[in-house]
Amino acid sequence: MTHNVSVEVTDGFHLVIDALKHNDIDTIFGLVGIPITDLARLAQAEGMRFIGFRHEQNAGNAAAIAGYMTKKPGICLTVSAPGFLNGLTALANATTNCFPMILISGSSEREIVDLQQGDYEEMDQLNVARPHCKAAFRVLKAEDIGIGIARAIRAAVSGRPGGVYLDLPAQLLAQTIEAGHAQRSLVKVIDAAPRQLPAPESVERALALLKGAKKPLILLGKGAAYAQADADIRAFVERTGIPYLPMSMAKGLLPDTHAQSASAARSFVLAEADVVVLVGARLNWLLAHGKGKTWGKPKQFVQIDIAPTEMDSNVAIAAPLVGDIGSCVGALLAGLDGAGIDKPDEEWLGAIAQRKEQNTAKMAALLDKNPVPMNFHSALRSIRDVLKEYPDINLVNEGANTLDFARSIIDQYQPRKRFDSGTWGIMGIGMGFAIGAAVTSGKPVVAVEGDSAFGFSGMELETICRYELPVTTIVFNNNGVYRGTDVNPTGGKDVAPTVFVKNARYDKMIEAFGGIGYHATTPEELARALSEAIAAGKPALINAVIDETAGTESGRLTNLNPQSAAKK
Ligand code: ADP
Ligand code: TPW
């Protein structure tokens, strides 16, 4: 007599989805193909959201911004070799910006790849990924999928957040495993990013330094926005009365209209301050490395950061405060009274107020002009005025001039609503960030894009239309990279390296996919189109025609742009 014992089995495909769901991950951004098509199908069948893109870099950028917004790693799924490499730029950018994400790529057969026998999409992906992320793992046995995904999640969000690579060979996905065994192999990550309390003596040192400050300044970076310690940060700023500067993605942590914002007197406060409290901001190129002319008078720094090795990276840090921002700011707040810290001198605040007033008046004069064709200022004035009515809108921003001007002209009112080119000054985040922000928040997104910047991810307009996302893209069309007026010095037929097709109609692109296109040549037309598009909540693109002579090369980064001195 024979017994027909049927053992319930599952496989690698199912286990990957189970492991993600087990850790409350509900969305995958990706692009299908061998060997992960069924993984995407299964994710959808099992109730996850799968958002399919037209290029992996954009899927990766969407995952990265989702990670930044939620403190949970965003997931990007790609095929092997070329798909993986396309996603890698986003993974590296996420790591550079301290955004938690996991790039999961299928890979070809190990035994063929390692002997370099020429497999389909052959590449040693794990080793390629390693230098560009916080951690890189490969899973070879189905029973290790649970632990592999747990490790990836913890690596992405603990300490300084960043990108993690997870390599899943094709044969792993098809591997079968007994269902009970599989179930038991799942790992739920407990307390993935535990609080990290600062040492009490570090807190005392920081308070003592603040106590002695005559011209204190607080600098808020995107680490402060990421930390989601909004109420304590606001209390610290308001209770101390210290003027503050937000880095671009920290705008809105306190509303840009806040009386203590020193943004309109940025150069003045950076040069004049004596004690600067850095909250989740690195002294990298965006802050002139903490030295030189920008920083003027000698100063002392308090630096709050979760990464101990960030301290003294560019200049000496007098009072390092290593820990998570919530805990560190909380500890400072708790110690203010005991340390006897009062509001800063009226002299310091008065000098700042005076500078702000002067600079604001200068800016207002620029913004109020109505040149024909419109320029960056008049176009951004109309966008600023419309967006005032939508304080919870998500704003994506990239380009050179378009980035530099929009950052200073468009006010933010709420935390984690501005997403831009960040630490690398990278072009190409536009549509990926817009899709990631729309999917994650369920709220409208406005993407303010240079025409060159837009081109890097423009094909994702189809993705925006396919998922009917409330994304309005505004293309600042000045016919080229930075501007559209360069000429080919040889008189040859090719246009200059910075020049595009003149008078392109980017609005027609979105119409091809069923979205709404607008063509705007005046600030009034632009404002009307933007209001209408946001109210409709449908995919839209506004081709905003900007004076092609208006931009400067590299925007405000002229000092970083070497130019040939040797002329023939
Ligand atoms: P910005 O570009 O806005 O100046 P950076 O990206 O240079 O900001 O700096 C962000 C910093 O914030 C990084 O050094 C990172 O280690 C730190 N950081 C991120 N999250 C936290 C957190 N929860 N607590 C403390 N520091 C954090
Ligand atoms: C991945 C170099 C910096 S800014 C820019 C480029 C190509 C585009 C500027 O023109 P745009 O904006 O967008 O039309 P505007 O407002 O000045 O007219 N490749 C990558 N990243 C970067 N930063 C570049 C190239 C660059």
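The values are calculated or read from the model by the stated rules, or taken from the named source; none is laboratory data. Model, not experiment: these values are computed from the prediction. Using ideal geometry, Cβ is built from the backbone for each residue, glycine included, and neighbour counts are taken over all protein chains shown.
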* What are the residues in the range 195-211 that are crowded, with 18+ Cβ neighbours inside 10 Å and not hydroxyl-bearing (Ser, Thr, Tyr), if any? -> Pro198, Val203, Ala206, Leu207, Leu209, Leu210
* Given the conditions (1) β-branched (Val, Ile, Thr); (2) under 33 Å from the mean Cα position of the chain (by Cα); (3) buried (at least 20 other Cβ atoms within 10 Å of the Cβ), and given that Ile341 satisfies all but one, which numbered condition is not satisfied? -> (2)
* Structure fact -> For the range 541-568 the number of residues that are within 16 Å of ligand 1 (Cβ to nearest atom) and crowded, with 20+ Cβ neighbours inside 10 Å is 0
* **Unique residue being in contact with a Ser or Thr (Cβ under 8 Å, 6 or more places away or on another chain), farther than 17 Å from Thr27 by Cβ and free of Cβ contacts under 8 Å to residues at least 12 places away in the same chain when the list is Asp144, Asp119** => Asp119
* Among the candidates Arg266, Arg282, single out the residue that is at pLDDT 95 or above and crowded, with 22+ Cβ neighbours inside 10 Å. => Arg282
* **Odd one out for Ile242 among (1) away from ligand 2 (no atom under 16 Å from the Cβ); (2) within 23 Å of the chain's Cα centre (by Cα)** => (2)
* **Residue that is farthest from ligand 2 (Cβ to nearest atom), among those in the range 467-500 that are charged (D, E, K, R) and free of Cβ contacts under 8 Å to residues at least 60 places away in the same chain** => Lys493
* Asked: Considering the range 112-134 alone, what residues qualify as being assigned to a loop (DSSP other than H, G, I, E, B), at negative phi and not hydrophobic (A, V, I, L, M, F, W, C)?
  -> Gln117, Asp119, Tyr120, Glu122, Asp124, Lys134
* Does Pro198 qualify as being part of a loop (DSSP other than H, G, I, E, B), out of contact with any strand residue (DSSP E or B) (no Cβ under 7 Å at 6 or more places or on another chain) and either hydroxyl-bearing (Ser, Thr, Tyr) or within 16 Å of ligand 1 (Cβ to nearest atom) (or both)? -> no
* Within the range 44-54, is there a residue that is in a helix (DSSP H, G or I) and in contact with a Cys (Cβ under 9 Å, 6 or more places away or on another chain)? -> no
* **Lone qualifier among Lys251, Lys291 - being within 22 Å of Gly212 (Cβ to Cβ) and more than 16 Å from ligand 2 (Cβ to nearest atom)** => Lys291
* To do: Kindly establish whether Ser408 is hydroxyl-bearing (Ser, Thr, Tyr) and in contact with a helix residue (DSSP H, G or I) (Cβ under 8 Å, 6 or more places away or on another chain).
  => yes
* Return only the number of the condition from (1) in contact with a helix residue (DSSP H, G or I) (Cβ under 8 Å, 6 or more places away or on another chain); (2) within 30 Å of Ala156 (Cα to Cα); (3) away from ligand 2 (no atom under 16 Å from the Cβ) that Ser263 does not satisfy. => (2)
* List, please: which pairs have Cβ atoms under 6 Å, are six or more places apart or on different chains, and start with a residue in the range 391-407 that is in a strand (DSSP E or B) and end with one that is more than 7 Å from ligand 2 (Cβ to nearest atom) and among the aromatic types (Phe, Trp, Tyr)? -> Val396/Phe419; Val396/Phe433
* Asked: Name the strands (runs of 3 or more DSSP E) wholly within the range 415-526 that hold at least 2 residues that are more than 16 Å from ligand 1 (Cβ to nearest atom)?
  -> 445-450, 471-477, 516-520
* From Thr498, Thr522, Thr472, grab the single residue that is touching a strand residue (DSSP E or B) at 6+ places or on another chain (Cβ under 7 Å), within 28 Å of Ala438 (Cα to Cα), modelled with pLDDT of 95 or more and not hydrophobic (A, V, I, L, M, F, W, C). => Thr472
* To do: Could you identify the single residue in Ala192, Ala174 that is small (Gly, Ala, Ser), within 16 Å of ligand 1 (Cβ to nearest atom) and surrounded by fewer than 19 Cβ atoms within 10 Å (Cβ to Cβ)?
  => Ala192
* Structure fact -> All-but-one check, Arg282 against (1) under 22 Å from the mean Cα position of the chain (by Cα); (2) assigned to a helix (DSSP H, G or I), failing number (2)
* To do: Just need a number here: residues in the range 62-111 that are small (Gly, Ala, Ser) and either within 16 Å of ligand 2 (Cβ to nearest atom) or outside any helix (DSSP H, G or I) (or both).
  => 11
* Structure fact -> Exactly one of Lys508, Lys538 is exposed (fewer than 15 other Cβ atoms within 10 Å of the Cβ) and either over 27 Å from the mean Cα position of the chain (by Cα) or at pLDDT 95 or above (or both), and that one is Lys508
* Condition test on Ala550, is it assigned to a loop (DSSP other than H, G, I, E, B) and either within 17 Å of Phe405 (Cβ to Cβ) or modelled with pLDDT under 95 (or both)? -> yes
